[in-house]
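The values are calculated or read from the model by the stated rules, or taken from the named source; none is laboratory data. Worth saying up front: this structure is predicted, and the values here are computed from it rather than measured. All Cβ positions, glycine included, derive from the backbone under ideal geometry; neighbour counts span all protein chains shown. Heavy atoms of the whole protein, side chains included, go into the accessibility calculation; ligands, DNA and RNA do not. Shrake-Rupley method; radii C 1.70, N 1.55, O 1.52, S 1.80 Å.
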Amino acid sequence: MKSMSSADRLLRSVVTLLACDGRVGARERRFLDALRKRMGIAADVVEGYVTEALAGKRMLTLPAGEEERQELFEVLVDAAAVDRVIAVAERRILDVFATRIGVSREDLEDRIRAALEKYTPQAEKGRGAAENKVAVSSAPRVVSWRDRPAPRAVASESAPPVLPPPEVAAIPALELAPPVVVPVKAPPAPRAAVPPKAAPAPRASVAATSQRASTPASAPPPPVCLTPPARRGLLSWKSVSLDSQSAAPPRDLALAADGRFAVLAAADDALRLWDLVAGRCVRELATQGHRPGCVAIAPDGRLVLSGGEDGTVRAWDPDQGSSTATLVGHQGPVYGVHLTMDGRLAASAGADHTFRVWDLAAGRCLRTLWGGRGGLLAARISEDGRLAVSLSEDRTVRAWEAATGRFLRTLEDASRPVRALAMTPDGRRAAAGGDAGVLRVWHVATGRREASLEAHAGGVSDLALSVDGSLGVTAGADGLLRAWDLDRGELLAELTGHAAPVTRVSLSANGAAAVSASADGELRAWRLDREEPASEEADWDEAARGWVELFLSARTPIVDAGLTRKGRPSWTEADLRRLLLQLRWAGLGRLRPEGVRAAAEQLASSWSAPPALD
């Protein structure tokens, strides 16, 4: 290196950019470590720069000489590519420095490609699709982690000591074995045809204003399920701070459907299961080199899915405390995982520019789709596996017909990075947000934008949707969570409590509970109390037709190696109980089970294939 002072200035500039969101995570530190070794700078010097940057001392300068700049930039690209993937934070730094020294986008792409090729072993270059296989392991059963006593949580000054436990019905255990065919009864008298529901008109951009809901001293337990479509507003909210015993935020987190149990992909590479009502970690899963960076959890909390930097997707049994399956296929780190509510299908997004759809029972990859010009950060799939959306490092959000592998359209091609993606289980509504601070909502099948909301001045770092898509919660770099009525495009409440940028948020199925994490390592559990207009029991409501059709579509046999479905649907009693629970979460809990059963059997009697996408 020609000038140590120039290298020193470059390194401090890199630290400044990495710390711009208030944290320097494990991946960023590995990048800094690789960079400082190439520059011959001591580790304690780099740590000092990190401390200064996090304290607000910024430095962003470059060497004056052109030759010196180019040489340092080559070192920067080489260090970014050492783990064989260019992460979002690293790409942001490369873009900034490339612009400042006059390196074109094409030249930058060529340099990145060459650097990645340099660190890709020959054995991996020749590895193909034949690696889509599953390795299964077993472990002795132990007492369920749900049954262990736990101390109470430490409460914030403005909240009760602990959050009340959610009053929900027991969620049937997932059954991944082939279902038993339910005989179809003679259909009742045919119903009058109901025209499809008209899609809502596009909404104008809504500016986010502070409308914090009042918090009563002692709020009642949260509602069991989302209320009917007529309900609006948020009556109150409260939160509890949890002692995470870590100064670093989790890489990802996911909340079970009942809002009580959550799984965290911790910064120290462990998977931790939390009882949010008790306010403690109840189990830790040793990942043994997996290094998970993303997680998903089944509605009943009995199945956890993780994606790791080792390129695998792993299924975990929390009761056993061990991995039960390893899905292999990605040619690089896995950045996002998603699990359907019935636990049959999973989706994974990877640095290899692909997302994959998995049959968890068979342990095989059903579909592999190329998702963009950069690594994929997230992928979501509908309950029946027909629709999917993906988020790429190239700042695009794309919609797919996953059953056929057909690309539908680009929903978003942003000028600034997009950080978060969510979709409802029926595949009807998707939402995304990023550094621009805007929350955008689409009707997936048509690509129509339904809302564009100014959510957070510092950018949207994460978001979550309720099962029916009526409620959205965004996490921002401004340290706030905001709850949105997505049907109306209105801000419901501004949720305060975090003292640092909020990095992650997850929402329960009915939208009555949430969990969030901030850059200082704090975890908070939230309870949201919403309006519930009175309603009477009924045998049927046409608002449930779409959910029943989705239920039947997900249980129609797959007839090829992909996701094409054809034939008569079949289901078990446990499946039907899960449908009733989903209807409750979607605000249709007033429907009698016998009415839902009769409707499902009537529709199944004339069913030959899922209806066309609308």
## Note on the structure
Of the residues 554, 538, 470, the Cα lying farthest along the dipole of the stretch 448-576 towards its positive end, which is defined by charges on the beta carbon of Lys, Arg, Asp and Glu, belongs to 554
### Other-chain or far-sequence residues with amide H under 5 Å of residue 523's (modelled H)
242, 244
### Query
Using a 1.4 angstrom probe and counting only protein chains, how large is the accessible area of residue 559 in Å², to 10?
80
## Note on the structure
Counting only residues 5 or more apart in sequence or on a different chain, those whose built amide H sits under 5 Å from that of residue 412 are 397
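Given 0.36 nm per residue, what is the gain on full extension from residue 236 to residue 43 after removing their alpha carbon distance, in nm? Before the final figure, lay out each step's value.
On the way: separation 193, 0.36 × 193 = 69.48 nm, distance 4.82 nm.
Here the segment from residue 236 to residue 43 would lengthen by 64.7 nm.
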### For the stretch 28-41, 3J(HN,Hα) per residue [Karplus equation, 6.51 cos²θ - 1.76 cosθ + 1.60, θ = phi - 60°, Hz, x = Gly/Pro]
5, 5, 5, 4, 4, 5, 5, 5, 5, 5, 5, 9, x, 10
### Query
Once you put a point 7 Å from the Cα of residue 29 and another 7 Å from the Cα of residue 113, both along the Cβ direction, what distance in nm separates them?
3.5
### Chain lengthening between residue 499 and residue 605 when straightened (0.36 nm per residue, less Cα-Cα)
32.6 nm
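For the stretch 471-614, what is the percent of antiparallel DSSP beta bridges, rounded to the nearest 5?
Antiparallel: roughly 95 percent of the beta bridges in the stretch 471-614.
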### Summary
For the stretch 239-248, in residue order, the Karplus 3J(HN,Hα) values (coefficients 6.51, -1.76, 1.60; θ = phi - 60°; whole Hz; Gly and Pro = x) are 9, 10, 8, 10, 7, 7, 6, 8, 8, 10
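Of all accessible surface on the stretch 406-505 at a 1.4 Å probe, what whole percent is carbon and sulfur? Present the calculation step by step, with values, prior to reporting the outcome.
Values: 1210 of 2800 Å².
The nonpolar share, carbon plus sulfur, comes to 43 percent.
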### Task
Quote the accessible area belonging to residue 415 in square angstrom, nearest 10, computed with a 1.4 Å probe and with ligands, DNA and RNA left uncounted.
100
### Message
If I take the Cα coordinates of the stretch 237-282 and project them onto the principal axes, what are the three extents in Å, biggest first?
### Response
29, 20, 19
### Percent antiparallel among DSSP beta bridges (both partners in the stretch 368-477, rounded to 5)
100
### Task
Using label points projected 7 Å from each Cα along Cα→Cβ, tell me how many nm separate residue 454 and residue 404, to one decimal.
4.2
### Query
By how many nm would the segment from residue 54 to residue 104 lengthen if fully extended, with 0.36 nm per residue of separation less the alpha-carbon distance?
14.9 nm
